[in-house]
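Engineer: Sharing a structure here in structure tokens format.
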Amino acid sequence: MAYRPYVVGVQEVSVEVVERLKEGASGETLAELLGVSRTAVWKFIRKLENLGYVIERKKGTGYRIVRTPDLSPYEIATICRDLRLIDEIYYYTVVDSTNRRAKEVAKPKTLFIAERQTDGRGRYGRRWMSEAGGLYFSIALPPQLPVEEIPKLTLTTGVAVAKALKAMLKWPNDVLYNGRKLCGILCELFGEIEDPMVVVGIGINVNNPTPSNGVSLKDIHGREFNRLEVLRDVLVSFERHYFRLLNGEWEDIREEWKCLSETLGRNVVVRTARGNYEGKALDLDLDGGLILDTGGKIVKIFSGDCFYA
């Protein structure tokens, strides 16, 4: 199946036009701004309406946006204008998986975001429920991190998201609220072995229905959330923490992870490819591994599924 995105450059003139339309503008002014004909302006207005904008038309004054959708590629581009990590938005009403699209397009500094995913995946290929009302997005990063640093990126992303959402962390990649899953994170490598790219996938339960082990921001606070505001807060936090990681601040980030952790100090079972480990979670190692006391033996686990015993 072919998925057709709306593709919008963060700095392109159409983003400016949408901002101008919120104040009101004539067809002539818009044609001048866009450098196109009045017919093309009309088509652009129709495109915005298809995205959920409500636009008022008045003779003599032109067009004015009277209501915006809480998520659209143009609104997203506006909040990304001051970010260094995002140059372009790929927005889908429905898609199989934003991580999959990011790997297919393979364009760094691009945000892939969908209203709904039909085949969203977490670690080990597990299905991530992606109903309308949530935030499902992936960021294709430039190849700046060595491969061995990717586990640190997953943990750093967790810190960034947990801080933005005022939530807690479960090793290695879950964001929790009162023990229930609020957000999942999946970092994947793709591209050339010598110069791989990284995609960071993030799924946040905002206003969407969730399974019994999940929770949404709406559930927590008892009100609908503006998804654009949530996305902005998460992206700003992610970019700040990402550059901290690049600038050698991993040890500080690690300490922040430990402060936000629901895992440390608990008895856990960790399932790995080599078998299961049961014990008390003691610490997060300098390289991102979980240190367990299994009853007389200290082990370090780099990858696995963690369950509270």
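Engineer: Given GLU49, GLU23, which one is more than 27 Å from LEU245 (Cα to Cα) and either modelled with pLDDT of 95 or more or part of a helix (DSSP H, G or I) (or both)?
Structural biologist: Answer to the selection: GLU49.
Engineer: Given (1) touching a His at 6+ places or on another chain (Cβ under 9 Å); (2) open to solvent by 10 Å² or more (accessible area, probe 1.4 Å), identify the lone condition not met by VAL159.
Structural biologist: (2) is the only condition that VAL159 fails.
Engineer: Given the conditions (1) surrounded by 13 or more Cβ atoms within 10 Å (Cβ to Cβ); (2) basic (Lys, Arg); (3) under 28 Å from HIS241 (Cα atoms), and given that ARG81 satisfies all but one, which numbered condition is not satisfied?
Structural biologist: The number of the failed condition is (1).
Engineer: Let me ask you something else. I'd like to check something: does the range 128-135 contain any residue that is open to solvent by less than 40 Å² (accessible area, probe 1.4 Å) and within 19 Å of GLU239 (Cα to Cα)?
Structural biologist: yes
Engineer: Same structure, new question: For residues that are open to solvent by 90 Å² or more (accessible area, probe 1.4 Å) and either more than 19 Å from ALA77 (Cβ to Cβ) or in contact with a Leu (Cβ under 6 Å, 6 or more places away or on another chain) (or both), tally how many sit in the range 19-42. Give the steps one after another, and end with the answer.
Structural biologist: Taking the range 19-42 as the starting set, the residues that turn out to be open to solvent by 90 Å² or more (accessible area, probe 1.4 Å) are 20, 23, 28, 32, 38, 42.
When the remaining residues are screened for being either more than 19 Å from ALA77 (Cβ to Cβ) or in contact with a Leu (Cβ under 6 Å, 6 or more places away or on another chain) (or both), the result is 28, 32, 38, 42.
Going through the range 19-42 one residue at a time, the tally reaches 4.
Engineer: Now a separate question. Just a yes or no: is a residue in the range 116-125 modelled with pLDDT of 95 or more, surrounded by fewer than 20 Cβ atoms within 10 Å (Cβ to Cβ), in contact with an Asp or Glu (Cβ under 7 Å, 6 or more places away or on another chain) and not acidic (Asp, Glu)?
Structural biologist: No; the residues of the range 116-125 include none that is modelled with pLDDT of 95 or more, surrounded by fewer than 20 Cβ atoms within 10 Å (Cβ to Cβ), in contact with an Asp or Glu (Cβ under 7 Å, 6 or more places away or on another chain) and not acidic (Asp, Glu).
Okay, residues lined up against (1) at pLDDT 95 or above; (2) out of contact with any Asp or Glu (no Cβ under 6 Å at 6 or more places or on another chain); (3) surrounded by 15 or more Cβ atoms within 10 Å (Cβ to Cβ); (4) of a type in the set (Gly, Ala, Ser):
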| residue | (1), (2), (3), (4) |
| --- | --- |
| SER212 | no, yes, no, yes |
| VAL234 | yes, yes, yes, no |
| TYR242 | yes, yes, yes, no |
| ILE253 | yes, yes, yes, no |
| LEU260 | yes, yes, yes, no |
| ALA273 | no, yes, no, yes |
| ASP283 | yes, yes, yes, no |
| LEU286 | no, yes, no, no |
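Engineer: List pairs: first residue in the range 15-40 and under 21 Å from VAL54 (Cβ atoms), second residue assigned to a loop (DSSP other than H, G, I, E, B) and open to solvent by 70 Å² or more (accessible area, probe 1.4 Å) anywhere in the structure, Cβ distance under 9 angstrom, at least six positions apart or on different chains.
Structural biologist: From residues that are under 21 Å from VAL54 (Cβ atoms), the pairs are VAL15/ARG81; GLY24/THR61; ALA25/THR61; SER26/GLY60; SER26/THR61.
Engineer: Same structure, new question: Please go through the range 165-188 and pick out each residue that is aliphatic (A, V, I, L, M) and either closer than 14 Å to GLU256 by Cα or in a strand (DSSP E or B) (or both).
Structural biologist: Once the filter is applied, which keeps residues that are aliphatic (A, V, I, L, M) and either closer than 14 Å to GLU256 by Cα or in a strand (DSSP E or B) (or both), the range 165-188 yields ALA167, MET168, LEU169, VAL175, LEU176, LEU182, ILE185, LEU186.
Engineer: Which of the residues spanning the range 189-202 are in contact (Cβ under 8 Å) with a residue 60 or more places away in the chain and open to solvent by less than 50 Å² (accessible area, probe 1.4 Å)?
Structural biologist: PHE190, MET197, VAL199, VAL200, GLY201, ILE202
The values are calculated or read from the model by the stated rules, or taken from the named source; none is laboratory data. All values reported here derive from a predicted model rather than from experimental measurement. Every residue, glycine as well, gets a Cβ built from its backbone with ideal geometry; the counts of neighbours run over all protein chains shown. Ligands, DNA and RNA are excluded from the accessible area calculation, which covers all protein heavy atoms including side chains. Shrake-Rupley method; radii C 1.70, N 1.55, O 1.52, S 1.80 Å.
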